[in-house]
1. Quick check on this structure: which one of Lys109, Lys117 is in a helix (DSSP H, G or I), on the phi < 0 side of the Ramachandran plot and loosely packed, with under 13 Cβ neighbours inside 10 Å?
2. Only one of Leu235, Leu280, Leu268 is assigned to a loop (DSSP other than H, G, I, E, B) and either out of contact with any Cys (no Cβ under 8 Å at 6 or more places or on another chain) or touching a residue at least 12 places away in the same chain (Cβ under 8 Å) (or both); which?
3. In the set Gly128, Gly89, which member is within 23 Å of Thr219 (Cα to Cα) and either among the small types (Gly, Ala, Ser) or at pLDDT below 80 (or both)?
4. Residue check, Cys213 against (1) modelled with pLDDT under 95; (2) part of a helix (DSSP H, G or I), all met but one. Which one?
5. Under 8 Å between Cβ atoms, at least 6 apart or on separate chains: pull out the pairs that start in the range 73-98 with a residue that is in contact (Cβ under 8 Å) with a residue 60 or more places away in the chain and within 16 Å of Ile127 (Cα to Cα) and end on any residue that is in a helix (DSSP H, G or I) and of a type in the set (S, T, N, Q).
6. Going residue by residue through the range 283-293, is there one that turns out to be surrounded by fewer than 21 Cβ atoms within 10 Å (Cβ to Cβ) and of a type in the set (S, T, N, Q)?
7. Is it true that Ala52 is surrounded by fewer than 18 Cβ atoms within 10 Å (Cβ to Cβ), small (Gly, Ala, Ser) and in a helix (DSSP H, G or I)?
Amino acid sequence: MSKFTKYIVFTFVVSWIIELVGANDLKNENIAGMMSFSYAISASMFIPAIGALIAKADFRKMGWLPKFDQNWKLILLAWVTPTLFQIAGSFCYYAVFPEELDLSGEFMKEIKPSAYKQIEESGSSLIGFVLKENFFSMTSFNFFIAVFMGLGEEIGWRGFMFPELVSGLGRTKGVLIGGIIHGVWHFPLICLVGYEYGTKYVGAPFLGPVAFCVFTVSTGIISYHLYEKSKCIWLPAIFHGAENSIFGIDYFGASKLHTIFGPCNVGLVSVFPMAVCAALILFFDVKRDSMEFETLDED
């Protein structure tokens, strides 16, 4: 059995067992079940790293020193771009569904009364509150936990799987297939418990997995680009953590039927800015690879 096969089999089998147990506990609809599901999600995020270890990946070559003097611009990009993509994506979503945009706070009052009460007490606007909370989520200790959790996945996906696929299939096929594999890894959660989209969206339950693969292909290309440029596994982990830390953009209003389209980054409409950026990155990376190959061929 090849290293890659060992990685895939272990990562998927173990992760899916953990997720299935957590999803089953969630059906109890009590606090214990919710906690069990949360722990299952957290545990599964470290399985890709363990899978890479079992596949005997060379952890020493993954790059563990951030090298701030060389990579500070890339670190800044990894930190802030998920939020910028989310803002741009939400503009796309509300441009398509303008009737759902609610800046009055009434929608938030209905789905999150405790947060709405904070807005009333602070005298802040809904936009100001969401921006403030997003800044806090990017700078609080919670962000560093999210980065550490993201590292568990990134060691497996970007540190081991993507380089294996790119070296064997070429960059375009490698990153596209890698992104799809990463998306498929989430399928039990999407199909069983409505992860990210709920269960009543347009096209349920089949369109959710497709939309999520569009998202993971896009994030995969960007994360792998950051990894190659920085030669440090912490960069995709920072991007991953920042993506998972984005705060409540859907508080501005969103229909349960349209979660498949947005306004969060995983929607088919709201993912558009990120997908365009990923496509451009892939285009120029492939072009660079081609030029480097031609130079080697001439030598």
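The values are calculated or read from the model by the stated rules, or taken from the named source; none is laboratory data. The shown structure was predicted, so the numbers you read here are calculated from the model rather than taken from an experiment. For neighbour counting, all protein chains shown are included, and Cβ atoms are generated from backbone atoms with ideal geometry for every residue, glycine included.
1. Only one candidate qualifies: Lys117.
2. Every option except Leu268 fails the conditions.
3. Gly89
4. Of (1) modelled with pLDDT under 95; (2) part of a helix (DSSP H, G or I), only one is false for Cys213: (1).
5. Listed by first residue and then by second, the contacts come to Thr83/Asn134.
6. Scanning the range 283-293, I find at least one residue that is surrounded by fewer than 21 Cβ atoms within 10 Å (Cβ to Cβ) and of a type in the set (S, T, N, Q), so the answer is yes.
7. Taking the combined requirement at face value, the residue does not satisfy it.
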